[in-house]
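Chemist: This is the structure I have questions about; it appears just below.
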Amino acid sequence: MSMASNDLFELSRGVLDVASKKVSLIEDITRRTKMLAMNALIEAARAGDAGRGFAVVANEVSEISTQVNSITKELRSEIVSRVDHLTTTGRSMVQEMYGKRLADLSLNMIEIIDRNLYERSCDVRWWATDSAVVDCAADPTPERRAHASSRLGVILESYTVYLDLWIANARGEVIATGRPDRYRGAVGSSVANEPWFRQALATRSGGEFTVGDVARNANLDDRVVGTYATAIRRDGTADGEPIGVLGIFFDWEPQAAAVVQGVRLEAGERERTRCLLLDARHRVIASSDERGILTESFPLRTGGQAMGHYTDGDGRIVGFSLTPGYETYKGMGWYGVIVQDPPK
């Protein structure tokens, strides 16, 4: 919690402590007053008729002491109740404020990812129309495959967020890549059963693309990648016949890590905060503590809301936001999530 919220709770506790001490002081005075009144009544009784008037005063003092004592008990109870209510209300307000802030930060995370992935969707649709790529898919002679591989390599030199770019023919055989010397097992491998390949080959126009789940790719040294693909069309036209598929492999882990580890948190928050990206199945695909990536399913409770926050069973505040998409990229049902432990 922030310095201001801690000050609020310290102030509440201070008010309760001061009030309790003052009430205790009043109770002590009323006890002493009542004791003096009792002693006065005893002395008045000993004085007989001469002490009757004094006995009346002593009785009155005793009655007033009783009333004051009753009032102080009520005051103590009411003060405790009001301060407890103030503390509870203040804590709820602070949690609501922090929850909204974590939800906003979650939205910011997923928006950064959306903008990044939108650029990837533009890349794959653009590069699929490159003449070297189209010619290779149309007639994969050794010369054309070598030229396409060289062209993909040039692209990779400028776009460092990719591990590799692959051209597959219509049967799903990889016929050219941008880094054949680094990833030797790619050329000649089959991607015919990969969902991203089948979906890309089935796209209706050059304006469409497909995205595979974030996953490890055995032919890319088992690195975690985000795969984007689209059909390569005859003559490179938007409505041309699909003659192959271009797959591009986004180097997911370092790019996603930069997003989840770069969330702007206040001093003292980072060690008790976990920033996550989840896919549509709530599988962890990025984590600021680098745990659970592709192996952990997070028990996210959205309540049907696209954005919000809640407190889980362990007292942690969970803020979340569903991907809003960006431009023509509609998103894939991913979430930004931030989990924060209560301060110790």
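Computed from the coordinates by the stated procedures, all read-outs in this text should not be read as laboratory data. Here the structure is a predicted model, which is why all the values come from computation and not from measurement. Cβ sites come from the backbone with ideal geometry, for glycine too, and all protein chains shown count toward neighbours.
Chemist: Apply 1/(1 + (r/R0)^6) to the Cβ-Cβ distance of Glu271 and Thr328, taking R0 = 41 Å, and write down the FRET efficiency to the nearest 0.05.
Modeler: Computed FRET efficiency for Glu271 and Thr328: 0.55.
Chemist: Further question on the same structure: Show me the ranking of peptides 245-258, 323-336, 287-300, 159-172 by mean Cβ neighbours inside 10 Å, starting with the highest.
Modeler: Peptide ranking by packing, descending: 245-258, 159-172, 323-336, 287-300.
Chemist: Here's something else I'd like to know. If you stretched the chain out fully between Glu143 and Arg234, how much longer would it get, using 0.36 nm times the residue separation minus the C-alpha to C-alpha distance?
Modeler: 30.9 nm
Chemist: How much length would be gained if the chain were fully extended between Gln261 and Lys21, taking 0.36 nm per residue of separation minus their Cα-Cα distance, in nm to one decimal?
Modeler: The Gln261-Lys21 span can extend by a further 81.6 nm.
Chemist: Sticking with this structure for a sec: Based only on the alpha carbon positions, what is the Kirkwood hydrodynamic radius of the range 195-319, in angstrom?
Modeler: About 17.1 Å, per the Kirkwood formula over Cα pairs.
Chemist: A follow-up question, please. Can you pull the one-decimal nm distance between simple spin-label points at Trp126 and Ser190, each 7 Å off the Cα toward Cβ?
Modeler: 3.5
Chemist: Bin all alpha-carbon pair distances of the range 91-249 at 5 Å intervals from 0 and give each bin's fraction as a whole percent.
Modeler: Per 5 Å bin, starting at zero, the Cα-Cα P(r) for the range 91-249 comes out as 2, 10, 18, 21, 18, 11, 5, 4, 4, 3, 2, 2, 1, 0, 0 percent.
Chemist: Calculated FRET efficiency, Thr295 and Asp28, Cβ-Cβ r, R0 51 Å, to nearest 0.05?
Modeler: For Thr295 and Asp28, the calculated efficiency is 0.20.
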